[in-house]
Amino acid sequence: MLTNICRLVRQRSGQSAVEFALLAPVFFLLLVGTMDFGRAGFYYVVTSDLARTAARVGAAYDTGTGPLDATITSVLQQQAKAMTFSSLTQPAACGASTPPNPLTSCYQPTTGNGFIFVDRSGFASFPKYIKVSIVYHFEATTPMVRALMSTNYFVATATMVTEY
């Protein structure tokens, strides 16, 4: 009786290793894919938060004509570094207008980087307002998720009425 049990255990000992070898890649792909979707959500929220912060800085923290675009960009660059953006710049070639939909090549930053656009065209109307847009280029690290999402540009725009 004991020999039959030992033989049965020995025959099944390889079964669990084979099952693990078959299911482990699928499990780890799902795990890393879930983390990639989480990263995408994080960068989407950070992009909208940065746009809101820039509009708030441009609308409230000065008297007269408001802070310069370079001042707004500098404040945002410090905050973007704290939130793991590689770089956040203001492209000279595109101008300051709100990014079009779909994005043209001028408005497309490289992977992991972002562009900031400070639009002051609302200063001619009443009430005066400032519009800030941020474009961030996100690319997933997992090949499976990259095939599903392809290239993503997160675009966030915030508009605030000036207080000066």
Order of E19, E163 from fewest to most other C-beta atoms within 10 Å?
E19, E163
In a GNM of the chain with a 10 Å cut-off on Cα contacts, which of I134, I72, I116 has the highest mean-square fluctuation?
I72
Order 139-152, 20-33 from most to least packed using the mean count of other Cβ atoms within 10 Å.
139-152, 20-33
How much FRET efficiency would the formula 1/(1 + (r/R0)^6) give for T89 and A24, where r is the Cβ-Cβ distance and R0 is 45 Å, rounded to 0.05?
0.60
DSSP beta bridges in the range 75-164 [antiparallel fraction, %, rounded to 5]
85
Which whole-number percent gives the relative contact order of the chain, counting Cα pairs below 8 Å spaced six or more residues apart?
26
Around V161, under 12 Å between beta carbons, what's the net of Lys plus Arg minus Asp minus Glu among the other residues?
+2
Option label - Cα Rg over 2.2 N^0.38 Å computed here, alternatives (i) 1.09; (ii) 2.11; (iii) 1.64
(iii)
What does the helix-only formula give at 222 nm for the chain: each DSSP H stretch with n ≥ 4 adding -39500 (n - 2.57), the total divided by the residues, and the result rounded to the nearest 500 deg cm²/dmol?
-17500 deg cm²/dmol
Any chance you could give the angle, 0 to 90 degrees and rounded to 10, that helix 69-82 forms with the longest Cα principal axis of the chain?
20
Put +1 on the Cβ of every Lys and Arg and -1 on every Asp and Glu Cβ in the chain; which of Y43, V145, V155 then has its Cα farthest towards the positive end of the dipole?
V145
Taking 0.36 nm per residue of sequence separation and subtracting the Cα-Cα distance, how much length would be gained by fully extending the chain between K81 and K128, in nm to one decimal?
13.9 nm
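No value in this document is a laboratory result; all are computed from the given coordinates. Remember, it's a predicted structure, so these values are computed and weren't measured experimentally. Please note: Cβ atoms are built from the backbone with ideal geometry, for glycine as well, and neighbour counts cover all protein chains shown.
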